[in-house]
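Chemist: Structure below; questions to follow.
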Amino acid sequence: MDLIQQIIERAKSNKQRIVLPEAEEERTLTAADRVLADDIADIILIGNPEKVHALAAEKGLTHIDKATLIDPLNCDKSEEYAQLLAELRKKKGMTIEQARELVKNPLYLGCMIIKTGDADGQISGALSTTGETLRPALQIIKTAPGITCVSGAMLLITKKPEYGENGVLVVGDVAVTPMPDADQLSQIAVCTAQTAKSVAGFTDPRVAMLSFSTKGSATHEVVDKVIEATRLAKELDPALKIDGELQADAALVPSVGKKKAPGSEIAGNANVLVFPNLEVGNIAYKLVQRLGDAIAIGPILQGIARPVNDLSRGCSVDDIYYLVAITACQAMDAK
């Protein structure tokens, strides 16, 4: 069974409630119909009921009636959500009138549904920007305990079973924080290891903190940052298996790891790679994807107290379908 199917089966085993706030969008509604047909998750759709039903009829979608459909302009709990939102944002000067208007926004409404415990995760981005997806999540759901830095992980499914976890690697950050400091980098390491467990199903994440230096082979302030981040990550999660700083070959190739970092349990054996900054991470995964013919799944947002994931506006129905399953797997471990 390949990794994607494993993720789907894991989602099916403990169904979560996933909000799709862009229900009037054709790809989103089609993906929702497939999710419901395959019994992967319980779906909460946010949109105008007449438009949603008309689109479903036009596309021949026969499972949409299994979803919970909420009209953002006529929601029974609008006032409850507005009162809570105003309370959450009162230090920022939000008034109840402003809150009442915001909960009519499907992205805000979806996050309020999660905040009050009536849903477990949310996916948007087919129509919205990353900023529009993240803003309500950070204002309402906020970050996980001990975490202040949101980041993005990528699953890389390679044709090299000798590396990572039978050819699968989980890498981060590839999407959100351009220049993390040591503290933020340590959080990215802990969160990426958690994603490796909850989404990729790794029972034993082994984290390599990557650099252009291995164990003092070069000296520079950016190397010092990686060394400090490794120390802080161990404090944040004492059970985490992590080592750094390591060059990529020392992290992945056993013979190189033994030579460059003798005695390290991670060197040559890593299945989670943490990049020193976003520039490196984004370039590296795209090179592996294109030149190495690897499958890249993500980015998967991490660090938020409940999973909220972001789609590309050029996403396919398959992208949304798979991200529902991924979000469901994250939600299981976020409780």
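Chemist: Report, ordered by the first and then the second residue, all pairs with beta carbons closer than 6 Å, sequence separation of six or more or different chains, a first member in the stretch 291-312 that is over 15 Å from ASP120 (Cβ atoms) and part of a strand (DSSP E or B), and a second member that is open to solvent by 20 Å² or more (accessible area, probe 1.4 Å) and of a type in the set (A, V, I, L, M).
Modeler: Hits for this filter: ILE295/ILE157; PRO299/ALA175.
Chemist: Oh, and also: Search the stretch 198-224 for residues being in a loop (DSSP other than H, G, I, E, B) and β-branched (Val, Ile, Thr), and hand back the single one that is farthest from the chain's Cα centre (by Cα). Before you say what the answer is, go through the steps one by one.
Modeler: Taking the stretch 198-224 and keeping what is in a loop (DSSP other than H, G, I, E, B), we get 199-205, 211-220.
In the following step, the residues that additionally are β-branched (Val, Ile, Thr) were identified as 199, 203, 214, 219.
On the way: VAL199: 9, THR203: 18, THR214: 29, THR219: 33 Å.
By that ranking, first place goes to THR219.
Chemist: Of everything in the stretch 90-110, what is among the small types (Gly, Ala, Ser), in a loop (DSSP other than H, G, I, E, B) and at negative phi? Give them in sequence order. Can you show your working first?
Modeler: Let us first name the residues in the stretch 90-110 that are among the small types (Gly, Ala, Ser), namely 93, 99, 110.
From what is left, the residues that are in a loop (DSSP other than H, G, I, E, B) are 93.
Of everything in the stretch 90-110, nothing turns out to be among the small types (Gly, Ala, Ser), in a loop (DSSP other than H, G, I, E, B) and at negative phi.
Chemist: Determine which member of the set LEU134, LEU156 is assigned to a strand (DSSP E or B) and either buried (at least 17 other Cβ atoms within 10 Å of the Cβ) or more than 14 Å from the chain's Cα centre (by Cα) (or both). Lay out the reasoning, then the answer.
Modeler: Values: LEU134 fails: assigned to a strand (DSSP E or B).
Of LEU134, LEU156, the one residue that is assigned to a strand (DSSP E or B) and either buried (at least 17 other Cβ atoms within 10 Å of the Cβ) or more than 14 Å from the chain's Cα centre (by Cα) (or both) is LEU156.
Chemist: Take the stretch 164-202 and flag every residue that is open to solvent by 30 Å² or more (accessible area, probe 1.4 Å) and either of a type in the set (Asp, Glu) or touching a Lys or Arg at 6+ places or on another chain (Cβ under 7 Å) (or both).
Modeler: GLU165, ASP181, ASP183, GLY201
Chemist: Are there any pairs, at least 6 apart or on different chains, whose C-beta atoms fall under 7 Å, with the first in the stretch 241-263 and under 20 Å from SER186 (Cα atoms) and part of a helix (DSSP H, G or I) and the second of a type in the set (Val, Ile, Thr) and open to solvent by 50 Å² or more (accessible area, probe 1.4 Å), and if so, which?
Modeler: none
Chemist: Here's something else I'd like to know. Say whether the condition of being aliphatic (A, V, I, L, M) and in contact with an Asp or Glu (Cβ under 6 Å, 6 or more places away or on another chain) is met by at least one residue in the stretch 126-136. Let's see the steps before the verdict.
Modeler: So the first thing to find is which residues in the stretch 126-136 are aliphatic (A, V, I, L, M), and the list is 126-127, 134.
Among the residues that remain, those that are also in contact with an Asp or Glu (Cβ under 6 Å, 6 or more places away or on another chain) are: 126-127.
Yes: the stretch 126-136 contains one or more residues that are aliphatic (A, V, I, L, M) and in contact with an Asp or Glu (Cβ under 6 Å, 6 or more places away or on another chain).
Residue-by-condition table, conditions (1) touching a helix residue (DSSP H, G or I) at 6+ places or on another chain (Cβ under 9 Å); (2) under 23 Å from ASN282 (Cβ atoms); (3) among the hydrophobic types (A, V, I, L, M, F, W, C):
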position: VAL168; (1), (2), (3): yes, yes, yes
position: THR203; (1), (2), (3): yes, no, no
position: SER213; (1), (2), (3): yes, yes, no
position: HIS220; (1), (2), (3): no, yes, no
position: VAL223; (1), (2), (3): no, yes, yes
position: ALA229; (1), (2), (3): yes, yes, yes
position: PRO238; (1), (2), (3): no, no, no
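Chemist: What are the pairs, 6+ residues apart or on separate chains, where a residue within the stretch 9-23 that is more than 21 Å from GLY125 (Cα to Cα) has its Cβ under 7 Å from a residue that is open to solvent by 10 Å² or more (accessible area, probe 1.4 Å)?
Modeler: Once the first residue is more than 21 Å from GLY125 (Cα to Cα) and sits in the stretch 9-23, its partners that are open to solvent by 10 Å² or more (accessible area, probe 1.4 Å) give ARG10/GLY201; LYS12/ASP39; ASN14/MET332; LYS15/ASP42.
Chemist: Kindly indicate whether ASP293 is open to solvent by 70 Å² or more (accessible area, probe 1.4 Å) and either touching a strand residue (DSSP E or B) at 6+ places or on another chain (Cβ under 6 Å) or on the phi > 0 side of the Ramachandran plot (or both). Lay out the reasoning, then the answer.
Modeler: Numbers: open to solvent by 70 Å² or more (accessible area, probe 1.4 Å): yes; either touching a strand residue (DSSP E or B) at 6+ places or on another chain (Cβ under 6 Å) or on the phi > 0 side of the Ramachandran plot (or both): yes.
Taking the combined requirement at face value, the residue satisfies it.
The values are calculated or read from the model by the stated rules, or taken from the named source; none is laboratory data. Fair warning: this is a prediction, and the values are worked out from it, not measured in the lab. We place every Cβ from the backbone using ideal geometry, glycine too, and count neighbours over all the protein chains shown. Just the protein is used for accessible areas: all its heavy atoms, side chains included, with ligands, DNA and RNA removed. Shrake-Rupley method; radii C 1.70, N 1.55, O 1.52, S 1.80 Å.
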